[in-house]
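Participant: I'd like to ask you about the structure that follows.
Derivation of every value follows stated rules applied to the coordinates shown; laboratory data play no part. On a predicted model such as this, the values are computed, not experimentally measured, just so you know. Please note: Cβ atoms are built from the backbone with ideal geometry, for glycine as well, and neighbour counts cover all protein chains shown.
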Amino acid sequence: MNKKTLSIIGLGYVGLPVAISFAKKYQTIGFDINEKRISELQNGFDITKEVDREALLKSNIVFTHNPKDIEQASIHIIAVPTPIDESKKPNLNPIRSATETVAKILKKGDLVIYESTVYPGLTEDYCQVILEKYSGLKGGVDFKLGYSPERINPGDKEHTFEKIVKVVSAQDEDSLQTVSSLYSSVVEAGVFEASSIKVAEAAKIIENTQRDVNIALMNELAIIFEKIGISASEVLKAAGTKWNFLKFTPGLVGGHCIGVDPYYLTYKAEMLGYHPQVILSGRRINDNMGKFIAEKTIKMMLAANLPVKDSIVTVLGLTFKENCPDLRNTKVISIIDELNEYGIRVQVYDPVADPQMAKEFYGLELLSLKNLSKSHAIIACVKHDQIIKQLPEIENQVCDQETVCIDVKNFMNPSNYKKIWTL
């Protein structure tokens with residue numbers, strides 16, 4: 001075990017896998033303000049399902065919610081969420097709070113590394129100021145800053161923390177070598193040394209902004225093809241036969257990364273007097289896809305002579321992506337909200353999502369399979385492996401000859417429905 005002691009601040013989808021990896025070689029302290037989360041981790045339970053029970057119980061991580069416990073660490077890695085508020089501006093409360101926590105125990109010679117997604121300049125211009133204010137130390141002299149943006153893909157068991165190239169950066173050459181050496185010791189795929197912290201911050205943001213814009217193009221094409229009367233999926237199959245066609249597909253863009261990160265970049269751009277056009281246009285298209293799908297559902301029901309008000313619609317999947325329990329910023333909720341405005345009774349089935357979180361976040365009750373009622377329409381939103389496996393049972397439970405199907409993720413069997421529409 002290396003003599004260095006690390007603290008990981010924030011033990012969510014990003015922080016926990018990072019802590020597990022570093023704990024194999026370093027003394028590691030895992031800190032989170034959520035006492036329930038700490039208790040669960042101490043007992044080998046990870047609600048995010050990113051780390052299994054055996055790996056948790058075998059790790060040497062000291063899990064704590066007491067800030068005093070991280071004082072013994074000389075390297076602090078901050079991996080807290082960076083969400084947006086209701087006006088789609090950066091909500092810096094989590095990163096500010098985490099930074100203040102570290103600042104109050106910061107010592108001379110310590111290194112603070114951020115993994116949270118931020119706009120270019122925030123680490124040095126915002127976080128360092130807080131660290132200096134509460135510690136009384138001087139950044140770049142008494143303590144050093146590093147930045148290594150997270151690349152965790154929730155629910156992905158192939159592209160894990162240790163198997164993805166890690167971008168690293170720091171405020172000077174000496175601290176860059178420390179950060180680079182630290183991550184190189186646990187990341188098998190290796191590291192890429194960015195020329196500055198701002199470059200690394202920007203690189204992270206455009207990774208997700210690029211995907212957001214490309215998916216927005218596919219969504220806009222799907223809307224156009226719907227009006228023309230042709231299938232978007234069939235058009236994309238045909239176009240995809242060209243060697244350099246980028247194979248993106250239309251869909252709901254939610255979660256804590258792709259649907260959020262672009263707003264950090266546009267916020268910074270507007271601070272500098274530039275109003276982004278392509279990025280914000282893409283965001284508007286993707287944010288409105290839930291409304292588009294809900295309206296398509298209603299049109300299909302009317303075309304099939306089915307009632308709308310007081311009808312029952314089954315939504316399959318609530319999480320923001322397949323095989324992942326994360327409900328943050330899921331766009332499925334925008335479909336449900338729109339349907340509710342028409343007086344439709346929506347029943348939701350998601351065997352992967354946590355029922356308590358669905359209730360807490362959205363006031364929704366997730367039904368068990370046996371409690372689902374016959375439905376006028378079924379909307380397949382999330383392609384969970386478990387839903388695919390249970391599909392015959394699900395259809396037998398909720399569908400009859402008149403049920404229409406809206407297949408958002410293109411995995412339903414068209415022959416089972418008189419009327420089916422695929423995004």
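Participant: Once you mark the chymotrypsin sites (Phe, Trp or Tyr not before Pro) that are in a DSSP loop and have at most 10 other Cβ atoms within 10 Å, what is the longest gap between them in the chain?
Facilitator: 1-242
Participant: If you don't mind, another one. Mind pulling the per residue volume of the convex hull built on the Cα atoms of the chain? Å³ is fine.
Facilitator: So the per-residue Cα hull volume is 153 Å³.
Participant: What's the local net charge at Tyr263, with K and R +1, D and E -1, over the other residues with C-beta under 11 Å away?
Facilitator: -1
Participant: Shape of region 2-194 from its Cα gyration tensor (a ≥ b ≥ c, root eigenvalues): rounded if a/c is under 1.5, otherwise prolate when a/b > b/c, or oblate?
Facilitator: Taking the square roots of the gyration eigenvalues as a ≥ b ≥ c, region 2-194 is rounded.
Participant: Residue farthest toward the positive end of the dipole of the chain, with Cβ of Lys/Arg at +1 and Asp/Glu at -1: which of Tyr26, Asn410, Leu122?
Facilitator: Checking the options against the dipole of the chain, the answer is Asn410.
Participant: Checking the cross-link filter: which lysines have an alpha carbon closer than 25 Å to that of Lys89, excluding same-chain neighbours under 8 positions apart?
Facilitator: Within the straight-line limit of under 25 Å, Lys89 reaches these lysines: Lys133, Lys198, Lys204, Lys268, Lys291, Lys321, Lys331.
Participant: Here's a follow-up. Most mobile of Ile152, Ile61, Ile224 per a Gaussian network model of the chain (Cα springs, under 10 Å)?
Facilitator: Largest GNM mean-square fluctuation: Ile224.
Participant: What residue among Val187, Val18, Val168 shows peak mean-square fluctuation when the chain is described by a Gaussian network model with Cα springs under 10 Å?
Facilitator: Val187
Participant: Still on this structure, I have one more. Report the extension gain between Asn410 and Asn340 in nm, rounded to one decimal, defined as 0.36 nm multiplied by the number of residues separating them, less their alpha carbon distance.
Facilitator: 22.8 nm
Participant: A further question on this structure: Pull up the cross-link candidates among the lysines for Lys237, meaning alpha carbon to alpha carbon under 16 Å and not fewer than 8 places away within one chain.
Facilitator: Leaving aside lysines fewer than 8 places away in the same chain, those within reach of Lys237 are Lys247, Lys409.
Participant: Give me the percent of Cα-Cα pairs in region 204-285 that sit more than 17 Å apart, rounded to a whole number.
Facilitator: Counting pairs separated by more than 17 Å, the tail of P(r) holds 52 percent.
Participant: If the only charges are +1 at each Lys and Arg Cβ and -1 at each Asp and Glu Cβ, what is the size of the charge dipole of the chain around the Cα centre, to the nearest 20 debye?
Facilitator: 340 debye
Participant: Separate question: So how strong a dipole does region 2-194 carry about its Cα centre when Lys and Arg Cβ are +1 and Asp and Glu Cβ are -1, to the nearest 20 debye?
Facilitator: 360 debye
Participant: Which of the pairs Lys3/Lys166; Lys157/Lys296; Lys49/Lys88 have their Cα atoms more than 30 Å apart in this structure?
Facilitator: Over 30 Å apart, Cα to Cα: Lys157/Lys296.
Participant: If Lys and Arg each add +1 and Asp and Glu each add -1, what is the summed charge of the other residues whose beta carbon sits under 11 Å from the beta carbon of Leu11?
Facilitator: Local net charge: -3.
Participant: Return the whole-Å distance between the Cα centroid of region 172-241 and the Cα centroid of region 351-423.
Facilitator: Cα centres, region 172-241 to region 351-423: 30 Å.
Participant: Under 17 Å Cα to Cα from Lys374, which lysines show up? Leave out anything in the same chain fewer than 8 places away.
Facilitator: Of all the lysines, those that pass the test against Lys374 - Cα under 17 Å, at least 8 places apart if same chain - are Lys309, Lys418, Lys419.
Participant: Still on this structure, please answer the following. State the answer as a single residue: which of Tyr264, Gly254, Leu236 lies farthest towards the positive end of the charge dipole of region 203-319, with beta carbon charges of +1 for Lys and Arg and -1 for Asp and Glu, about the Cα centre.
Facilitator: The Cα lying farthest towards the positive end belongs to Leu236.
Participant: Once you've got the GNM for the chain with C-alpha springs shorter than 10 Å, pick whichever of Gln347, Gln27, Gln390 has the biggest mean-square fluctuation.
Facilitator: Maximum fluctuation in the GNM of the chain, among the listed residues, is at Gln390.
Participant: Can you tell me what share of the DSSP beta bridges in the chain is antiparallel? A percent to the nearest 5 is fine.
Facilitator: About 5 percent, rounded to the nearest 5.
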